[in-house]
Amino acid sequence: MTCPNSVKTGHWPLSHLPHPLEAIRQFTPNWFAATMGTGVLALALAQWPAEVPGLHQVAEGFWWLTIALFLLFTAMYTARWVLFFDEARRIFGHSTVSMFFGTIPMGLATIINGLLVFGMPRWGDGVVEVAQLLWWLDVAMSLACGILIPYMMFTRQEHSIDQMTAVWLLPVVAAEVAAASGGLLAPHLLDAHGQLVMLSTSYVLWAFSLPVAFSILTILLLRMALHKLPHESMAASSWLALGPIGTGALGMLVLGADAPAIFAANGLPGVGEIAAGLGLVAGLTLWGFGLWGMLMAGLITRRYLREGIPFNLGWWGFTFPLGVYSLATLKLGSTLHLGFFSVFGAVLVAALAVMWLIVAKRTVQGAYKGELFVSPCIAGLRK
């Protein structure tokens, strides 16, 4: 006799779910990490330091895929709030899943950057206005994540130092990603005052994020020394520490490159020159710190691999941090005209592409079967 509530098995789509609607019920913001990883791969491929026929078109294809995924995930998560409101709001009390709210604005930031890289050559300067509107929306979401999620950590969630992982960084780093995106967008604005407003806002966003992220990293180092590595299901979180370092370096380099022209156009030429020098020095310094973080993450991952790492959506944490560090490396190469950074950046982009293929394949397989639709926030609730 077959139990009516048993989970279906087989090769049909969502066969591991009792009902297709369960994919909506179990949908979490963790999925938006896939838009971050895909979007940063598109941007990194577009910055490849050598001319490769067809590579730009491939990069643009990944950008379109990012847009499609973002729209799909937005629709699914909105549907969850509409259909399962009482269950969806339980996320605010969950100490891990709530952190992934930060992946939503960070995924959107890669789309905004892609509008400048891929949209402008295709549709002209008109896309700048669209990018500007989306950027301010991204800023609002990033600020909300950076304040409200830590506030809930302090007031209603249960945390302990031995259970801490680098996912604490996700809501905080969103503002830093928006800062780097603003640095890319600001020079394309027609109004000099508007450029200054966006540049200044981007510096504030950078400062809003980086010191807090580094405070978390300091605690994380202590946690690792005292309590050793997290559970293997959180293996990919070892790479998340590279995210704020790489994004911080990229932000300083991009904002510093914008500063001379924008400040000069607003009657502050001296400030612009200082900002440019500070941006280069800060970017190079943070890149060095990121090198330590990347090598350490590689050693930790190697240790995890010996014991086996179960696949989950957290594997997308391997991609975005490596991607932003690759972009920072390539930016140093083009700024300093040093071949080492260009070559090393190309190696990192190639590694990013390989990692994306591995994670994307496993994600498609898990999504097709329904295995990845799991919301810890409602674990134990009756269906």
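The values are calculated or read from the model by the stated rules, or taken from the named source; none is laboratory data. Here the structure is a predicted model, which is why all the values come from computation and not from measurement. As a convention, Cβ positions derive from the backbone with ideal geometry for all residues, glycine included, and neighbour counts pool all protein chains shown.
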- prompt: Residue check: is Y304 buried (at least 16 other Cβ atoms within 10 Å of the Cβ), over 22 Å from the mean Cα position of the chain (by Cα) and aromatic (F, W, Y)?
  reply: yes
With the first residue restricted to the stretch 318-347 and required to be without any contact (Cβ under 8 Å) to a residue 60 or more places away in the chain, and the second required to be part of a helix (DSSP H, G or I) and small (G, A, S), Cβ contacts under 6 Å at 6 or more apart or on different chains are T329/G345; F341/G333
Restricting the stretch 52-96 to residues that are of a type in the set (V, I, T) and loosely packed, with under 14 Cβ neighbours inside 10 Å, the one farthest from G39 (Cα to Cα) turns out to be V82
Of the listed residues (F100, F154), the one being over 23 Å from G61 (Cβ atoms), of a type in the set (F, W, Y) and surrounded by fewer than 15 Cβ atoms within 10 Å (Cβ to Cβ) is F154
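Every residue, every condition in (1) in a helix (DSSP H, G or I); (2) closer than 23 Å to G345 by Cβ; (3) touching a Leu at 6+ places or on another chain (Cβ under 7 Å), yes or no:
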residue	(1), (2), (3)
H16	no, no, no
P20	no, no, yes
I24	yes, no, yes
W31	yes, no, yes
A42	yes, yes, no
L45	yes, yes, yes
W48	no, yes, yes
Q57	yes, yes, no
Worksheet item: Just a yes or no: is a residue in the stretch 159-172 under 29 Å from Q132 (Cβ atoms), in a helix (DSSP H, G or I) and either out of contact with any Ser or Thr (no Cβ under 7 Å at 6 or more places or on another chain) or free of Cβ contacts under 8 Å to residues at least 40 places away in the same chain (or both)?
Response: yes
Scanning the stretch 61-76 for residues that are in contact with a helix residue (DSSP H, G or I) (Cβ under 8 Å, 6 or more places away or on another chain) and among the aliphatic types (A, V, I, L, M), the one nearest to A42 (Cα to Cα) turns out to be L65
Tell me whether the stretch 368-380 contains one or more residues that are out of contact with any helix residue (DSSP H, G or I) (no Cβ under 7 Å at 6 or more places or on another chain), closer than 23 Å to T66 by Cα and part of a helix (DSSP H, G or I). yes
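Listed residues V117, V130; which is among the β-branched types (V, I, T), modelled with pLDDT of 95 or more, part of a helix (DSSP H, G or I) and farther than 26 Å from F318 by Cα?
Answer to the check: V130.
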Subset of the stretch 307-357, residues buried (at least 20 other Cβ atoms within 10 Å of the Cβ) and not in a helix (DSSP H, G or I), comes to T319
**Prompt:** Does the stretch 186-196 include one or more residues that are touching a Leu at 6+ places or on another chain (Cβ under 7 Å), at pLDDT 95 or above and buried (at least 24 other Cβ atoms within 10 Å of the Cβ)?
**Reply:** yes
